[in-house]
1. Measure nothing fancy, just the Cα-based angle from helix 31-55's long axis to the longest principal axis of the chain, in degrees from 0 to 90, nearest 10.
2. Would you work out the relative contact order for the stretch 1-47, in percent, from Cα pairs under 8 angstrom that are 6 or more residues apart?
3. Hey, can you find the accessible area per residue of the stretch 4-134 for me, probe 1.4 Å, expressed in square angstrom?
4. How large a share of the accessible area of the chain, in percent, is made up of carbon and sulfur atoms when the probe is 1.4 Å and the other protein chains stay in place?
5. Distances longer than 27 Å among the Cα atoms of the chain: what percent of all pairs is that?
6. Work out which GluC sites (Glu not before Pro) in the chain are exposed loop sites (DSSP not H, G, I, E or B, at most 13 other Cβ within 10 Å) and give the longest gap free of them.
7. Would you mind checking the stretch 49-88 for residues with the amide N under 20 Å from a putative spin-label position 7 Å along Cα→C-beta of Ala27?
8. Could you calculate the contour length gain from Ala51 to Asn76, that is, 0.36 nm times the residue separation minus the distance between their Cα atoms, to one decimal place in nm?
Amino acid sequence: AAIRANGGLVLQFIGDEIEAVFGEPVASTNHADQAVRAAQDMQSRLHTWNAGRRDAGKVELQHGIGIHSGMVVAGNIGSAERMSYSLVGDAVNVASLIQSLNKELGTRVLVSSATREKLATTVHMRSIPAVRVK
């Protein structure tokens, strides 16, 4: 819901991951801001949901979010029997790798410098040392 509320499109669920896109298939000049707002919204919703779990004596859940901006090939992939809207390209792979760094770095949301440079609004962020992804 947080992704849709902020102008994003949920592409697919991969295990316990969500792949989403902002600025496609409908172009948006503020897709970086939309993605970061969605991440903030997801964090807020998880905090509220975890409060209920905490009160019920249940284990709290955590999630890691990776945000990256770049060129992709976007479109329908498949056949007449099964078609899906997909993204392909290095930017997709980098976003996934950034997301996976959250556990290693003890963070919850990581935003690439490519996305940070596209932000029109000021968002409080903490710099981390540069990380080379595979």
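The values are calculated or read from the model by the stated rules, or taken from the named source; none is laboratory data. Please read these numbers as outputs of a predicted model, since none were measured by experiment. Here Cβ is always computed from backbone atoms with ideal geometry, including for glycine, and neighbour counts include all displayed protein chains. For the accessible areas, the whole protein counts, side chains as well, though only heavy atoms, and no ligand, DNA or RNA atoms are used. Shrake-Rupley method; radii C 1.70, N 1.55, O 1.52, S 1.80 Å.
1. 40
2. This gives 37 percent for the stretch 1-47.
3. That works out to 70 Å² for each residue.
4. Here it works out to 52 percent.
5. That fraction is 23 percent.
6. With a cap of 13 other Cβ atoms within 10 Å, the longest stretch comes to 1-59.
7. Label zone hits: 69-76, 86-88.
8. Here the answer is 5.0 nm.
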